[in-house]
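Structure, as structure tokens:
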Amino acid sequence: MEAIVAFLENTVVHNLAGFGIALAELCGIMVLLITVIQGVVRYFRHDPHIRLELAKGIALALEFKLGGEVLRTVQARDWNEIGILGAIIVLRAMLTLLLHWEIGVEEKKPEEERMVRHPVLPKKNGNA
């Protein structure tokens, strides 16, 4: 019976956790890349909601990364590793809370305040 439990713990759980970690990390990276690309496109289109959408995308990416770190605690073998993972989890959770606070503030702003300020280039006249 102990051999079965050891096999399940060392092989099945370890491999499933590794797969889950890789999947969560990959999803976080993909969400962040898509958010950045959309942010650049929206910047050039003068979208007034760019800050809000960027904050939401970054918050979602951080939540995926946080999920990967929580799964990584399954594979932790000593207290030093658990301490490092705990610090990473706390930092990412604080960043996520800060982003959610910023999203709430940004959503309460009136539309006029959200307008993205772009430098206006002087128009060339025919006399130049």
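The values are calculated or read from the model by the stated rules, or taken from the named source; none is laboratory data. Please read these numbers as outputs of a predicted model, since none were measured by experiment. Every residue, glycine as well, gets a Cβ built from its backbone with ideal geometry; the counts of neighbours run over all protein chains shown. For accessibility, only protein heavy atoms count, side chains too; no ligands or nucleic acids. Shrake-Rupley method; radii C 1.70, N 1.55, O 1.52, S 1.80 Å.
What the table shows:
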| quantity | calculated |
| --- | --- |
| Which numbered condition L52 fails, given (1) under 17 Å from T96 (Cα atoms); (2) touching a Phe, Trp or Tyr at 6+ places or on another chain (Cβ under 7 Å) | (2) |
| Count of the range 76-91 residues which are under 21 Å from E9 (Cα atoms), assigned to a helix (DSSP H, G or I) and open to solvent by 40 Å² or more (accessible area, probe 1.4 Å) | 4 |
| Residue within the range 26-41 that is of a type in the set (S, T, Y) and either outside any helix (DSSP H, G or I) or surrounded by 11 or more Cβ atoms within 10 Å (Cβ to Cβ) (or both) present | yes |
| The range 42-75, subset open to solvent by 70 Å² or more (accessible area, probe 1.4 Å), in a helix (DSSP H, G or I) and of a type in the set (K, R), residue nearest to I89 (Cα to Cα) | R72 |
